[in-house]
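Participant: Below is the structure I would like to discuss, written out as structure tokens.
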Amino acid sequence: MSVHISAAPGEIAKTVLMPGDPLRAKYIAENFLENARQVNTVRNIFYYTGTYKGKQITVGASGMGCPSIGIYSFELFTEYEVDCIIRVGTCGAYTEKLKLFDLINVNLACSESTYAENAWGYKKDRMKYRGPAYDVINETAKELSINLICGPVHSSDVFYRAESSKPAIVKKHKCLAAEMEAFALFANARYTKKSAATLLTVSDIIPTHEKISSEEREKALLPMMQLALASSAKL
Ligand code: HPA
């Protein structure tokens, strides 16, 4: 039992799949895991533990933004002996070269966030994926013939902004898309010497305002979930 997660020791698997939205965690648990059991409801941040192809997997939410994923991923890594967290989220593409439903395996999370410096003294504006999950995801995508793009993203602290031009950090690191959590997840994995990866489905194209409709969202997330689960089974 930690401050923000009420699961008992042993109720969380070594590998955790982490969407932002608690109801997406519930959907994944109910549709993809066997014998899933709810192990956390504190603040309605739902966690479920079940099995996938015989392997124990936990799926649970991060909430939105670096502060929120910073809390959950740290408690999972340090108080539940979690080895690997795979974030499964959505992102907004900065470029029309990306299309709706494209899938990104994040190799670098770039951010103006002070999270990594304030938490761990890392004076960096970018954090890399950690451990074997990133490579396992790439191999698994090939095996499943899932088209996967590897590249840098912007872990933004803001969703709404006055300026419509690309933020400086996006130009500096040639970020493909915006999301809000990978930077803190990778920083925590580095500090705790654990493993972390981030898979993102493009849910909107920022320059054209195209969006996946709410009816399409569940279907849109299928290839990402299949890839994350198949990869988790090998970790
Ligand atoms: N910005 C930040 N996070 C996001 C976006 C976005 O445009 N789309 C999905 N997650």
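Participant: So for the pair LEU222, ASP157, with labels modelled 7 Å out along Cα→Cβ, what separation do we get in nm?
Facilitator: Those two pseudo-labels are separated by 4.0 nm.
Participant: Can you pull the three principal axis extents for the Cα set of the stretch 94-172, in Å, largest first?
Facilitator: That works out to 40, 32, 19 Å along the principal axes.
Participant: Related question: If every alpha-carbon in the stretch 1-94 counts as one equal scatterer, what log10 I(q)/I(0) does Debye give at q = 0.17, 0.23, 0.25 1/Å?
Facilitator: -0.63, -1.17, -1.40
Participant: OK, next. Could you give the nm distance between label points at ILE149 and VAL42, where each point is 7 Å from its Cα heading toward the beta carbon?
Facilitator: Between ILE149 and VAL42, the simple spin-label model gives 3.8 nm.
Participant: In deg cm²/dmol, rounded to 500, what helix-only [θ] at 222 nm does the chain give when every DSSP H run of at least 4 residues adds -39500 (n - 2.57) and the total is split over its residues?
Facilitator: Dividing the helical sum by the residues of the chain leaves -9500 deg cm²/dmol.
Participant: Next question. Report the normalised scattering of the stretch 15-232 as log10 I(q)/I(0) at q = 0.18 Å⁻¹, calculated by the Debye formula with identical scatterers on the alpha carbons.
Facilitator: -1.36
Participant: Still on this structure, please answer the following. Of ALA187, SER232, THR198, which is farthest on the positive side of the dipole of the stretch 172-235, counting Cα position, with +1 on Lys and Arg Cβ, -1 on Asp and Glu Cβ, and the Cα centre as origin?
Facilitator: ALA187
Participant: In debye, nearest 20: dipole of the stretch 112-223 around its Cα centre with unit charges on the Cβ of K, R (+) and D, E (-)?
Facilitator: Working: 17 positive and 15 negative charges, 122 e Å.
Here the stretch 112-223 has a charge dipole of around 580 debye.
Participant: Determine the percent antiparallel among the DSSP beta bridges restricted to the chain, to the nearest 5.
Facilitator: Antiparallel bridges: around 45 percent, rounded to the nearest 5.
Participant: Would you kindly state the longest site-free stretch of the chain, with sites defined as trypsin sites (Lys or Arg not before Pro) in a DSSP loop (not H, G, I, E, B) surrounded by at most 11 other Cβ atoms within 10 Å?
Facilitator: After excluding every exposed loop site, the longest remaining stretch is 1-52.
Participant: Relative to the Cα centre, what is the charge dipole magnitude of the chain, using +1 at the beta carbon of each Lys and Arg, -1 at the beta carbon of each Asp and Glu, and rounding to the nearest 20 debye?
Facilitator: With Lys and Arg at +1 and Asp and Glu at -1, about 540 debye.
Participant: Now for a different question. Gap in Å between the Cα centre of the stretch 24-97 and the Cα centre of the stretch 111-133?
Facilitator: 20
Participant: Rounded to the nearest 5, what % of DSSP beta bridges with both residues in the stretch 109-235 are antiparallel? Don't skip to the end; give the middle numbers.
Facilitator: Details: 5 of 9 bridges.
Looking only at bridges with both residues in the stretch 109-235, the antiparallel portion is about 55 percent.
No value in this document is a laboratory result; all are computed from the given coordinates. Quick caveat, the model's predicted, so the values are computed rather than measured. Here the Cβ is made from the backbone with ideal geometry for all residues, glycine too, and neighbour counts use every protein chain on show.
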